[in-house]
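To start, the structure under review is shown below, and the notes come after it.
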Amino acid sequence: MCSPSVLQTVRFLLKPSDVLAFTFLLPAAGIAMVPAVGWLLDTRKQRDVALVMIALGVVFGILTLLPYTAAQLVGIAMLVSFRPLFYTAIS
């Protein structure tokens, strides 16, 4: 049995309008976060990068537990912003 894709999971958990927001924000935030990720990794210590990643992860986790649409949308924005930093920092 295959595990569900991210989009399948998002479609299951969110309303159609929220799925559209996720579908748009994922590539847009990836492109928009490149300068910020580059600056953070080039100018700050590894400890600072780890603290930023921990803070983003904790805030994302808290927001996804809240039953409010606004919190879910902010959580989606946090996820798509956190994703490029995470993948770049661990490589």
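The values are calculated or read from the model by the stated rules, or taken from the named source; none is laboratory data. None of the values given here were measured: they were computed from a predicted structure. Glycine gets a Cβ as well: all are built from the backbone with ideal geometry, and neighbour counts include every protein chain shown.
One table, with the values for the structure above:
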read-out	value
Scope segment 10-45; condition polar (S, T, N, Q) and either at pLDDT below 90 or under 18 Å from MET78 (Cβ atoms) (or both); matching residues	SER17, THR23
Qualifying residues in segment 14-71 (those that are in a helix (DSSP H, G or I) and of a type in the set (Phe, Trp, Tyr)) - the one nearest to the chain's Cα centre (by Cα)	PHE60
Those residues of segment 72-91 which are under 13 Å from MET33 (Cβ atoms), small (Gly, Ala, Ser) and either modelled with pLDDT of 85 or more or under 13 Å from the mean Cα position of the chain (by Cα) (or both), in sequence order	ALA77, SER81
The one condition in (1) among the aliphatic types (A, V, I, L, M); (2) modelled with pLDDT of 85 or more; (3) outside any helix (DSSP H, G or I) that MET1 fails to fulfil	(2)
